[in-house]
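Heads up: the structure comes next, in structure tokens.
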Amino acid sequence: MVRACGRRGAAGFTLIEILISLAVIAVLISLITVGVRGALRQGKGLSEQFTASGLQTAVEQFRNDFGFEPPLVADGAPLSTEDEGPVIDDPRRNGFKRIGVRDRAFLLARNDMGDIDEAIVGAVNGYSGLSSSFSDKRYSKFSLAFYLMGECGARHPENGDPIDGVQGSGMLTPLRDGRFDPRGSRHESFYQPRSADKVRRQYVEAIEFEEHTGSPGSDLQGDPSTAAILGIADRAFRYYRWENLPLTDPTAKLGTFLNVPKILQDPATWSDPDASSDEAEYRAGRYAIVGSGVDGAFGTEPVAFLEDALGTSLSNPDDPKAVAALRARAMADNAVEVGR
């Protein structure tokens, strides 16, 4: 009699085969999960870029209607001293308020000799350690909501009239100095938020204090008159403004002429005050709209914040190349639109 040896039932599986099958299934699930997360992240990034593009279109419409870009609002501490904005007393109208805006000298950030004003652009707290941030204050979180949507909430203390002359969204004719013409025409909002957008009143950013002052803020209270348009990571879009200097010396480095905000430059060049990352793009540039992207980091914040936002840690935080690479990585998903 011959015995069958080493055979198993046609429908049976060995333990090794079952374990291999489970491992394959686990790998497939992992790949699918990573793919879905990547797709969701990409979709959120595209959504933020779409919002930035819509805001740029609204800025262009504003300029076409009034002949100038929305003024750069003096956001208040820490971007300026508290009595500079964003809402200040209007000496021309007793008891009324107006929006405080930046002047041309602030947009230039350089004096007549071409030297950068470190109160506007420079090392935080007077030092330039690699782990600190590099402060460039030529932006506002409130300009876009104030001038594209008419969302400033400040009112006259006696009669309750809104600062922009219109209850809710919309505004009377805006002026270059930040005021709204009380005899001007009514204008509807230039930007209508999408369902994915958020407009938040009393907006305040704790990390911004550390970015611009070197020390973290505490017990922060947002100004009730403010409103900001938030991106996908619940950080406000930044509206950067600058003006380029006349190029009077053909031998000078173009960076001295272009005057471009640091957030638009390669972090590896930040130590060079005359550097420029893209001369062709910024030669005619006047403003930029920047969102932080999905990671919630603009790339200008202190290194410790960037490490936490990106889920990484530098092995050598004193290595300039490593720090520049970290900043570049944080900036890579920023939603950026440059206006000319």
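Being under 19 Å from Asp115 (Cα atoms) and within 15 Å of the chain's Cα centre (by Cα) narrows it down to one of Arg235, Arg241, so name that one.
Details: Arg235 fails: under 19 Å from Asp115 (Cα atoms).
Residue meeting the stated conditions: Arg241.
Check Ala325, Ala309, Ala297, Ala288 and return the single one that is buried (at least 18 other Cβ atoms within 10 Å of the Cβ), within 21 Å of the chain's Cα centre (by Cα), over 19 Å from Lys137 (Cβ atoms) and of a type in the set (A, V, I, L, M).
Ala309
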Result of the Cβ filter at 9 Å on region 6-21, keeping first residues that are at pLDDT below 75 and partners that are part of a loop (DSSP other than H, G, I, E, B), at least 6 apart or interchain, is Arg8/Thr14
Quiz item: Out of curiosity, is Leu72 closer than 22 Å to His212 by Cα and either of a type in the set (A, V, I, L, M, F, W, C) or modelled with pLDDT of 95 or more (or both)?
Solution: yes
Picking from Ala288, Ala275, Ala297, Ala280, the residue that is aliphatic (A, V, I, L, M), in a loop (DSSP other than H, G, I, E, B) and either out of contact with any helix residue (DSSP H, G or I) (no Cβ under 8 Å at 6 or more places or on another chain) or modelled with pLDDT of 95 or more (or both) would be Ala297
Residue in region 153-162 that is more than 22 Å from Pro224 (Cα to Cα) and either assigned to a loop (DSSP other than H, G, I, E, B) or touching a Gly at 6+ places or on another chain (Cβ under 8 Å) (or both) present: no
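Here's the yes/no breakdown for (1) in contact (Cβ under 8 Å) with a residue 40 or more places away in the chain; (2) charged (D, E, K, R); (3) part of a strand (DSSP E or B):
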residue: Gly184; (1), (2), (3): no, no, no
residue: Arg194; (1), (2), (3): yes, yes, no
residue: Arg200; (1), (2), (3): no, yes, yes
residue: Glu208; (1), (2), (3): yes, yes, no
residue: Pro216; (1), (2), (3): no, no, no
residue: Asp219; (1), (2), (3): no, yes, no
residue: Gly222; (1), (2), (3): no, no, no
residue: Ser225; (1), (2), (3): yes, no, no
residue: Ile229; (1), (2), (3): yes, no, yes
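The values are calculated or read from the model by the stated rules, or taken from the named source; none is laboratory data. Treat the numbers as computed from the prediction; the structure is a model and nothing was measured. We place every Cβ from the backbone using ideal geometry, glycine too, and count neighbours over all the protein chains shown.
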